[in-house]
Structure formats: C-alpha cells, structure tokens
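This report concerns only the one structure given below.
The values are calculated or read from the model by the stated rules, or taken from the named source; none is laboratory data. Every value quoted in this text rests on a predicted model; they were computed, and no experiment measured them. Positions of Cβ are backbone-derived with ideal geometry, glycine not excepted, and every protein chain shown enters the neighbour counts. Accessible surface areas use protein heavy atoms only, side chains included; no ligands, DNA or RNA. Shrake-Rupley method; radii C 1.70, N 1.55, O 1.52, S 1.80 Å.
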Amino acid sequence: MIAATLDSADGIVMTTDPATARERALRALATRQPLDLAVAVVTAHPDDETVGLGGAMARLRNLTLVQLTDGAPLEPDVAARAGFPSRQSYAAARRGELVDALAVLVEGRLARQVFYEIPDGRLADHLAVAVERLVEDLIHVDVVLTHPYEGGHFDHDAAAFAVQEACARLARHGAHAPTRLEFTSYHRLHGLLRTGRFLDDPAAPEIVVPLSAEAARRKEVAFACHRSQAGNLRMFGFGPERFRAAPTYDFARPPGGEAMYGMEVWRGLSRAFAGATEA
Amino acid sequence: MSPGGLSEAGAAPRAGWARAGADPVKAVRAAEALRDDGDILGAAAILTELCRLFPHLPYGWRERAILRRRAGDAAGAAHDFARALAANPGDLLTRVQAVRQLAGAGRLDEAQACLAAFVPRTPQQTGRVARLDQLLAYMRHHPEAEASRLAMAIRTSPRHLDAAAVEVRIAAALAEGRPFSLIRLGDGEGAWISDPAEADGRFRDLYRRNRKRILRTWFGTDALIDRRDFLALRERFLATVPAATVVGVTYPERIRHEYGIASPDGVPSCTNVLRHVAPLLDGAGPSFCTHDIHLDLHLSGGLHRLIGAGHPIGLISCHPPLAAALARRPGTRLAAALLVPEEKEFAGIIGATGMPGSHYPEAFGQVIARLRGRDWTGVLWLVAAGYLGKLYCHEIAARGGVAVDIGSIADAWSGKATRPGLADLARYRLGDGQHQGARR
C-alpha cells in the first residue's frame, strides 16, 4: 500500500499519483526496464511513434496508442505523388504500415489502439473534438507521452497542445489526469534541422536512452514498414531515444524553436489553440 | 397455393396469413417475426392456419406450442408438442422443446419418457440428449421446491436488504472509511459455482456446456474451460463470496421462471448459487440483496446520490467515454478509471472500444496490478466487469475501498441495451446528475 489517505494537495486519488508515475516511468525508460503503468502514446501521424520511441515501446506493458491523424492530407496530389489513387487509399495504406510496424515494435501487444482519423495537416481544424476525445481517453492512463511544442510540424505542436489541454481539463474537473512526458520529433535550430533531440531547456531535464542492439534492429525493421514514408524517415537515425517530463507550455507564445511551418501558419495555429482552450 | 387459393378452398384468410405466403417455412418465419414484434395474436393466427393446412408438418405445431407455453397455456402447449412429435418423431429440436415443456410443468416422468423415446443418430444428438437427461436428473435431485425454499430463506432473512438499505450501508462505509464489497451472482457466476462431485460426475456434460456457453459470451472462446490458471481463478472467485459485505442473488420469482421453462443453464446456475450462499445465513457472513440491485439502485436514485456525495469515484468498465461522462457531472470526482475489454457476445452492441484483447488474462492482470498499487479507503468504485469484476471488488475492499458491482448499468449509462431488461434505455440514462438522486 502506498498511502492510507488521499493524495496530497488536491485531494484526488489516482491509481498512481502523478509524481510517482512520472518518476517510475522515467526511471523505467532510463534503465530500459519494463513499465507496468498504463501509458498512452499520443502521436500526430502514423510513424511518429516509431521515430520517437520505437526502441522503448516494447517495454511498455500496458500501452494505449492514440493516433490523431490518419497520415493522409486532404490535398489529392499528395496521395497521387505517393502513388495512391485517393486520399482514402493512402490513409488505408498508412494504417496498414502502422500495423506492420507495431507487429515489430510491440508484437501487436497493445492494450488499446484508438484512431481519431483526422486528416493529416488538419489537426488544428479539429482541436476541440480532439481535446474532448483525449479527455475521455487519457482519464484511463497514468502516463501520456507525446510530441514537444517545438515548431517542427504544426500537427505535432497541435498534438502537444491537445494533450496539455486535455490533462488540464481533467485536473480542473477534479478527475484523474495522467502525468505528461515527451518523446522527440524534429525541429530547426539556427537554420539546421535537428532530429532525435529536444530544444534545450534547462528547466526540463531529459533522459537519454541508448538503443540496445535488439531495439535498434527492431526500430530499423519498423522504419522499413512505413514504406510510403521512406523518404522522410531517412532524416532520422537509430541513435539514443530521449524523454523528459513535459513542460507546461504557454501556447499563446510561439514555440521555442523556429517555426518551420512559418509564422503565418503559427498565428493560425495560435488562434486554434485559443479557440480550443476551456475558459 | 396462394392466399387467393385459400379463399377458394372456403377458408377465410386470417389477418397475417397473407404475409406468410403459401410456403410453410415462410409462414413460420412470418409468425416468428410477428411474435418478436410482440404481435402474439398475429403470430398465433398464422400458425393456427398453418397447422390446419399442413397438419402433417411439425413446424406449425411446434411453434404454436412455444407460443402457448409462453402464454402460460401448459396444457395447450403439451397438446401441440405432442402433435409436432407425432408429425416427426425424429426431430430433435421438437423433442427437446417437448421434454422441456413437460419438465417445466413438473411432469418429470413424462419428460423422461419422451426423451427416452428418441434414438440419437449422431454424436451431436447423443450429447444433446445426455445434457437434457442430466437436466432432468438435476431437477429431480434439486427440485424447484428446494430452490424456492432457499430463495425464500434468503429473502425473509433479517440480513436481506432492499435498495434503500444497501444505499445506507454503502454511504456509511464511505463516511466511516470502512471497506465494503457488493457483488452480484447471476447466471454466469452460477455456472462456476457447483458441488465438485456434481460438476465432475452426474451433471458433468450439462455443467460443461453451460460453462462453455458463458465463456464464449465473456471471452468469445471457450478455450479457457480446462486451463489451470482459469480454474485456479475460480477458487479465488469463490473466496470473494463469504468475504463480501453484500451478495446479490436470485429470488423466488426468478426460480419459478427458470424451472417453469426448464432452462438448462438457468436452473442449475440459479439453484447452485442459492445452495452455495444459503449456509452463510447461519454465521456472521455477508448480507444479501437481489442480483438486480444495480437496477434498483439506479431507479431509486441511490447510485446517483452516492456518486454525487463528494467521495472520489473509481470506475472499471468497457466503455471508454463513460469515465469522462461521469467526470463532467457536477460534484462528481472521478479519481481513477480502468478499462477492460467488453464481453464478446455484446461487442456488436457496445461498438468499437479499441481494445483488441480479451479480458482474461492480459487485461485482468493489468487491472489487478493497478488496484493493488495503493490504498482505496474512502473511494467509491463502480465495477462493471462481469465475473472478473467480483475479484476486482474483493481487491478494492481488501485495500479499504468501497466496491459496488454495477454490472450492466454501465452499458445503459453508455446508451447500450445489452440486456432485455434495459430495452427502455430512457429509464437508465446517466443524466447530468442535476435532477437525479432526489429521494422518492
């Protein structure tokens, strides 16, 4: 037994309190030990999970994967350039690629898999719905891992917002909210693209987890499963994976990194954030 | 023959017959459709016409017998079953129905004779006959009078609680920080409560069939039936019964119903539950209520009052949106929520939950691990997790918490009518908590 009374400050009981969950999760990730806590991985696109934590996923024993977009943009020429006759067939192919990758990464062992099926690139247009659904889904887990707010891809930044907002709503309603962690994606710093790293933030210490040979092999095979993304995935290597407790972001301000998608897009994103923030 | 032909033959077509066409099989289907829509008279009209036109066919007689039995006309049902059997003595389906009709009417010797007159021709028929034979033996060995006596002993016991009393007990346990566990034992649980000598002996085939059926309902497969870990779990389940604070069991009216239809699963399941718990009346064991207490607590407003009383709430269910729906209710503090895969028989009704696995063993192990992670004193857990949910209730109470087995109410709150009793979903809405919970 952990405690005979309710948890400290807010009097809320949880299956595992946030501080303990954060500590246990980061320790398990750092030491490459199995983690039995209920963990949700929330990603913007199919393949983000492979990039960010493909080596660590196998050790998450109670894993829920929440896929926010279907990986297929609305613009028909994108599907055509990827060799698909329609957006729908492109989305179906990406779903299939994800299933293949998960078979490698976690041998299909998922406690739960949820697809929000928002078109790729349009997460900001559906933020209110995404946040509401995340409230419903994240109430069941102890830990949520998602993208950092770093200006790399606007869907990634929207995902970071949606998770922070959903957790904040749960907490405001006096409900169980998971502790928030982050995995790496990509951003631009001093004009250069950086992958597999966080923007430097002394207030948010990170842990660095080298891949074992087996994890690196699994990740490499999983990369290959995302066949339609082979070009993009060449940007990412099989170096250490990094994790950290998620900072509490001020989404009214631009991301810490350069907005790779441009400030005009960020201003639109910012309006979407404001519109989806609960008063 | 067309309906017009019927008129030419001098018989005025009755209402509904025109829908049946000239085909006897279509006529039976049309009657079944009417019956399922609640138009009993319309169904009866078709079947009566069918029996008159095709007296040599068993279908009409059999279906009319079933209608008459449901209507409480035992003598009429027996007559029609006899005609059906006379039309086709080798039809096992009719034979089974006739045997159950006779057994349900308490005519066990005639039922036995009726069954003995059938000569099985396939292994499947042999198995079915053996199970029916064991049901008759069970009903002789544990007659309705015995089951009713046990049910009445529980109902009239000072330890039997109505919904209001159960609510008071739960509220007191929460207020005083005492552990509390309310579990309900229905048909599914009853299939796993039995005298080992009976389970492995004279009623073996009957019990195995019932266990396989309920395993398929729960998990979509009966592969667990002989698995040691699952059988070991049964011992843990049995231990939850005397340890519970309140146990919901069947009641005399239900016993009458199950014996009246000679239900192959209902009779042994309900009776075995009563046989198992009745000795607990002699000691300082649990209190009792009906296994429909979850419905009563909802309808009385008791559940809503308890949820809205300010205690932290835990929820175990298969409905992903339900926890957040509870959390949105003013005054409700949803402190923990655990998901379990749905009962596979109801997967179509419940809809996609995103949980690909089975409740046992994977999800079960994860839920138990999370429940064992801390103390639950002062927390009201609503547990909707079937057979395994009894074990969750036990774990919660063992850690100081208050666990209430809410069963299918969670389905109803999620807008899913998984049981016939929930057909009127409007009565079982979760609501916003604003206008619920007032004492009636």
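Considering only residues that are of a type in the set (A, V, I, L, M), outside any loop (DSSP other than H, G, I, E, B) and open to solvent by less than 60 Å² (accessible area, probe 1.4 Å), which ones fall in segment A:259-272?
The answer is A:269, A:272.
Yes/no matrix, rows are residues, columns are (1) touching a Cys at 6+ places or on another chain (Cβ under 9 Å); (2) of a type outside the set (A, V, I, L, M, F, W, C); (3) at pLDDT 90 or above:
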residue: B:20; (1), (2), (3): no, no, no
residue: B:29; (1), (2), (3): no, yes, no
residue: B:32; (1), (2), (3): no, yes, no
residue: B:37; (1), (2), (3): no, yes, no
residue: B:61; (1), (2), (3): yes, no, yes
residue: B:96; (1), (2), (3): no, no, yes
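Checked against the criterion of being away from chain A (no Cβ under 14 Å), surrounded by fewer than 24 Cβ atoms within 10 Å (Cβ to Cβ), outside any helix (DSSP H, G or I) and touching a helix residue (DSSP H, G or I) at 6+ places or on another chain (Cβ under 7 Å), segment B:303-310 contains not a single residue that satisfies it. Only one of the listed residues (A:259, A:171) is in contact with a helix residue (DSSP H, G or I) (Cβ under 8 Å, 6 or more places away or on another chain) and touching a residue at least 40 places away in the same chain (Cβ under 8 Å). That residue is A:259.
Quick grid of which residues meet (1) open to solvent by less than 60 Å² (accessible area, probe 1.4 Å); (2) β-branched (Val, Ile, Thr); (3) within 30 Å of residue B:313 (Cα to Cα); (4) without any contact (Cβ under 8 Å) to a residue 60 or more places away in the chain:
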{"position": "B:167", "(1), (2), (3), (4)": "yes, no, yes, no"}
{"position": "B:170", "(1), (2), (3), (4)": "yes, yes, yes, no"}
{"position": "B:175", "(1), (2), (3), (4)": "no, no, yes, yes"}
{"position": "B:182", "(1), (2), (3), (4)": "yes, no, yes, no"}
{"position": "B:189", "(1), (2), (3), (4)": "yes, no, yes, no"}
{"position": "B:194", "(1), (2), (3), (4)": "yes, no, no, no"}
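Going residue by residue through segment B:137-159, is there one that turns out to be outside the structural domain of residue B:380 (by TED's automatic domain parsing) and aromatic (Phe, Trp, Tyr)? Checked against the condition, which is being outside the structural domain of residue B:380 (by TED's automatic domain parsing) and aromatic (Phe, Trp, Tyr), segment B:137-159 yields at least one hit. Residue A:95 falls short of the stated requirement of being basic (Lys, Arg), within 14 Å of another protein chain (Cβ to nearest Cβ), in contact (Cβ under 8 Å) with a residue 24 or more places away in the chain and under 18 Å from residue A:170 (Cβ atoms). Residue count for segment A:237-258 under the criterion of being more than 23 Å from residue A:30 (Cβ to Cβ) and open to solvent by less than 20 Å² (accessible area, probe 1.4 Å): the result is 3.
In the condition set (1) at the interface with chain A (Cβ under 9 Å from one of its Cβ atoms); (2) open to solvent by 10 Å² or more (accessible area, probe 1.4 Å); (3) of a type in the set (Val, Ile, Thr), residue B:290 is compliant with all but (1).
Residues that are under 27 Å from residue A:113 (Cβ atoms), open to solvent by less than 20 Å² (accessible area, probe 1.4 Å), away from chain A (no Cβ under 14 Å) and charged (D, E, K, R) do occur in segment B:395-411. With the requirement that a residue be under 21 Å from residue B:260 (Cα atoms) and open to solvent by less than 50 Å² (accessible area, probe 1.4 Å), what does segment B:36-68 give you? Correct list: B:61, B:62, B:63, B:64, B:65, B:66, B:67. Residue B:195 passes every criterion in (1) among the charged types (D, E, K, R); (2) within 18 Å of residue B:278 (Cα to Cα); (3) under 20 Å from the mean Cα position of the chain (by Cα) apart from (3). The condition of being under 21 Å from residue B:60 (Cβ atoms), assigned to a helix (DSSP H, G or I) and among the β-branched types (Val, Ile, Thr) holds for only one of B:126, B:94, that being B:94.
Out of B:161, B:115, B:132, I need the residue that is open to solvent by less than 70 Å² (accessible area, probe 1.4 Å) and farther than 26 Å from residue B:77 by Cβ. Which one? Residue meeting the stated conditions: B:161.
Quick grid of which residues meet (1) over 13 Å from the mean Cα position of the chain (by Cα); (2) in a loop (DSSP other than H, G, I, E, B):
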position: B:212; (1), (2): yes, no
position: B:221; (1), (2): yes, yes
position: B:259; (1), (2): yes, no
position: B:269; (1), (2): no, no
position: B:276; (1), (2): yes, no
position: B:281; (1), (2): yes, no
position: B:285; (1), (2): yes, yes
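If I filter segment A:103-116 down to residues being surrounded by 23 or more Cβ atoms within 10 Å (Cβ to Cβ) and aliphatic (A, V, I, L, M), which single residue comes out as farthest from the other protein chains (Cβ to nearest Cβ)? Residue satisfying both the conditions and the ranking: A:105. Output the qualifying pairs, or none if there are none: Cβ atoms under 6 angstrom, residues six or more apart or on different chains, first residue in segment B:117-135 and touching a residue at least 12 places away in the same chain (Cβ under 8 Å), second residue part of a loop (DSSP other than H, G, I, E, B). So the pair list comes out as B:129/B:120; B:134/B:203; B:135/B:264.
Quick check on segment A:122-179: of everything there that is under 27 Å from residue A:262 (Cβ atoms) and of a type in the set (D, E, K, R), which residue is nearest to the other protein chains (Cβ to nearest Cβ)?
Result: A:165.
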